[in-house]
Amino acid sequence: MRTELLHIAQIDRYLFNRMPAEEREAFRIRLLIEPDLFEAVERQREAYRLVRAYGRRRLRAELQTINRQLMARPSFRARLLAIFRR
């Protein structure tokens, strides 16, 4: 288990560009010759992509809720429209 966590940490450092240049080059070479490592990096990259997409969808939904609540207030809506009519 500990070895697996170390591999994940190393992959994270690679994906987030936190490796020194020499270590990064060595890691890239390993990616070419170790198919399992390549797959692990791709899985981790996809996991981060999905987490970002989920976060964006959730934030968008929260912003839409706030927008609906604010626009439902006649005084806020009137002030906002007045600002953009100028």
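Taking region 32-49 on its own, how many of its residues are of a type in the set (A, V, I, L, M) and either touching a Lys or Arg at 6+ places or on another chain (Cβ under 6 Å) or more than 16 Å from residue 16 (Cα to Cα) (or both)?
3
Could you go through region 51-71 and let me know if any residue there is surrounded by 11 or more Cβ atoms within 10 Å (Cβ to Cβ) and outside any helix (DSSP H, G or I).
No, region 51-71 has no match at all.
For residue 22, state whether it is loosely packed, with under 10 Cβ neighbours inside 10 Å, acidic (Asp, Glu) and in a helix (DSSP H, G or I).
Answer is yes for this residue.
Residue 36 versus (1) surrounded by 10 or more Cβ atoms within 10 Å (Cβ to Cβ); (2) without any contact (Cβ under 8 Å) to a residue 12 or more places away in the chain: which is the lone unmet condition?
Unmet for residue 36, out of (1) surrounded by 10 or more Cβ atoms within 10 Å (Cβ to Cβ); (2) without any contact (Cβ under 8 Å) to a residue 12 or more places away in the chain: (1).
Values quoted throughout were computed directly from the atomic coordinates according to the rules given, and no laboratory measurement underlies them. Since the model is a prediction, treat every value here as computed from it, not as a measurement. Cβ sites come from the backbone with ideal geometry, for glycine too, and all protein chains shown count toward neighbours.
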